[in-house]
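Structure first, commentary second.
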Amino acid sequence: MKHLCRKNVKLLINTKNKFIQYNELKNFVKDIFIAAGLDDWQSNTIAGHLVLANLRGVDSHGVSRVPIYITRLEKGLTNKNLDLFIERETSCSALIDANNSSGITAATKGIELAVQKAKQNGIGLVGIKNSNHCGMLADYSQYAASQDCIVLATTNAPANMAPWGGKDRFFGTNPFSYGIPAGEEPNIIFDMATSVVARGKIINAHRNNQQIPIGWAISKNGEPTTDAGEALEGLNLPVGGPKGYGIALMVDILSGLFTGASYGPHIGDLYNNFEKNQNVGQFFFVMRADLFQSIEEYKERIDQMIKEIQQVPLAPGVEKICLPGEIENNTKFERELNGVPLPEGIIEDLIKVANQYDVSSEFLKNLSLGGSLI
């Protein structure tokens, strides 16, 4: 690896990409969800979350998800109303039944409740069951960190990865994330799939007719492959072999078994199963950063740690040592200025969905005409 981090992130140049102003994109996506029957708050929350993923360079969890979210709403596989209710609760914990509502809106309410309980009692644990795909966990971790809380966030996913040593799918990519508040330094936000890459990256590669690197997945015959289509028919590979498998198991226990949600192969597939609800689970463990020392002392010490890490002598070819989330923050800054790059295939999908609901706007007209909207 030549660079662990870049001081100045350059947008990937792709002649098939169009660069879209992020606020215009957010409003456009919001209009689509409103037209599909969601209320203003849900539509705004989902649109903001998806566009934030694109801004941070996590395009696999960005607006490319709009068509499948809409499809599941239209088929009645996701509840258009936000009908959450708390099934069990203590002073420091709560189990939310999402009642098959949007995973992003359910998780947003869940992290807010976990932070509220942590501020009141020191620790807040919130589990969510009967939920759906909740997007990018970093969004929820960033919220908790912005409230001076440390957070561990997990969610399980449809099975597409075998347990280490197996040949049949059992676990999902099962991501986990943590957020660490800092003082003058940026908050530390870590977010990873327990597979080598998120499933969405392979889906995007297949949609854009791109090959994938060896090591991301294997075909249904168990052979290494660079063909994204073969990878989707086959299995994702766990990051770090048995280590990734062990973490995937922990995520499934916390998100699924512990909350009462589905787990492993019992979760409804987001893309390929239109016969059953997903029943995904989410789990948030939040604690105030001032539990063992004053917030001022804590922030001074975490800032000092960050500076010491960044001052470690660099390995050959490395430009800068980054903290988790720093590259994404740099990408966000660049894309806010220069626009969100979207492949033509994703733009065509968005236009198709918008036309399905007769969503009309000057932005859509310009999008249909082509060119970069920035």
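The values are calculated or read from the model by the stated rules, or taken from the named source; none is laboratory data. What you see is a predicted model; the values in this text were computed from it and never measured. When we count neighbours, we look across all protein chains shown, and the Cβ atoms used for this are built from the backbone with ideal geometry, even at glycine. Accessible surface areas use protein heavy atoms only, side chains included; no ligands, DNA or RNA. Shrake-Rupley method; radii C 1.70, N 1.55, O 1.52, S 1.80 Å.
Within region 277-288, identify whether any single residue is over 21 Å from the mean Cα position of the chain (by Cα), open to solvent by 50 Å² or more (accessible area, probe 1.4 Å) and modelled with pLDDT of 95 or more, and answer yes or no.
Yes, region 277-288 contains a residue that is over 21 Å from the mean Cα position of the chain (by Cα), open to solvent by 50 Å² or more (accessible area, probe 1.4 Å) and modelled with pLDDT of 95 or more.
Out of region 54-99, which residues are surrounded by 20 or more Cβ atoms within 10 Å (Cβ to Cβ) and on the phi > 0 side of the Ramachandran plot?
Scanning region 54-99 gives a single hit, 57.
If you scan region 352-364, which residues turn out to be loosely packed, with under 15 Cβ neighbours inside 10 Å and closer than 18 Å to residue 21 by Cα? Break it down stepwise before answering.
In the first step, residues of region 352-364 are kept if they are loosely packed, with under 15 Cβ neighbours inside 10 Å; the result is 352, 355-356, 358, 360-362.
Those that are loosely packed, with under 15 Cβ neighbours inside 10 Å and closer than 18 Å to residue 21 by Cα: 360, 361, 362.
Specify the residue that is nearest to residue 234 (Cα to Cα); the eligible residues are those in region 170-200 that are charged (D, E, K, R) and surrounded by fewer than 21 Cβ atoms within 10 Å (Cβ to Cβ). Please lay out each step first, then the result.
As a first pass, look at region 170-200 and keep what is charged (D, E, K, R): 184-185, 191, 199.
Filter once more, so that each one left must be surrounded by fewer than 21 Cβ atoms within 10 Å (Cβ to Cβ): 184-185.
Values: 184: 45, 185: 42 Å.
Filtering region 170-200 for residues that are charged (D, E, K, R) and surrounded by fewer than 21 Cβ atoms within 10 Å (Cβ to Cβ), the one nearest to residue 234 (Cα to Cα) comes out as 185.
Need a quick list: helices (runs of 4 or more DSSP H) entirely within region 120-236 having at least 1 residues that are within 15 Å of the chain's Cα centre (by Cα), more than 30 Å from residue 297 (Cβ to Cβ) and not acidic (Asp, Glu).
199-207
I'd like to know if region 326-349 contains one or more residues that are over 30 Å from residue 25 (Cα atoms) and not in a loop (DSSP other than H, G, I, E, B).
Here is the first cut: in region 326-349, the residues over 30 Å from residue 25 (Cα atoms) are none.
The answer is no; no qualifying residue exists.
Quick grid of which residues meet (1) charged (D, E, K, R); (2) free of Cβ contacts under 8 Å to residues at least 12 places away in the same chain; (3) under 30 Å from residue 95 (Cβ atoms):
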| residue | (1), (2), (3) |
| --- | --- |
| 251 | no, no, yes |
| 268 | no, no, yes |
| 271 | no, no, yes |
| 287 | no, no, yes |
| 292 | no, yes, yes |
| 303 | yes, no, no |
| 321 | no, no, no |
| 339 | no, no, no |
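Which condition breaks for residue 328 when tested against (1) open to solvent by 50 Å² or more (accessible area, probe 1.4 Å); (2) modelled with pLDDT of 95 or more; (3) under 30 Å from residue 174 (Cα atoms); (4) more than 22 Å from the chain's Cα centre (by Cα)?
If we test residue 328 against (1) open to solvent by 50 Å² or more (accessible area, probe 1.4 Å); (2) modelled with pLDDT of 95 or more; (3) under 30 Å from residue 174 (Cα atoms); (4) more than 22 Å from the chain's Cα centre (by Cα), just (4) comes out false.
Mind checking which pairs have a first residue in region 130-153 that is at pLDDT 95 or above and a second that is open to solvent by 40 Å² or more (accessible area, probe 1.4 Å) and part of a loop (DSSP other than H, G, I, E, B), Cβ under 8 Å, 6 or more apart or different chains?
Every condition considered, the pairs that remain are 130/99; 130/277; 132/277; 148/290.
Take the conditions exposed (fewer than 15 other Cβ atoms within 10 Å of the Cβ) and either closer than 30 Å to residue 147 by Cα or not aromatic (Phe, Trp, Tyr) (or both) and apply them to residue 260. Does it pass?
No; evaluated as a whole, the condition is false for this residue.
Is it the case that region 309-325 has a residue that's open to solvent by 80 Å² or more (accessible area, probe 1.4 Å), hydrophobic (A, V, I, L, M, F, W, C) and not in a loop (DSSP other than H, G, I, E, B)?
no
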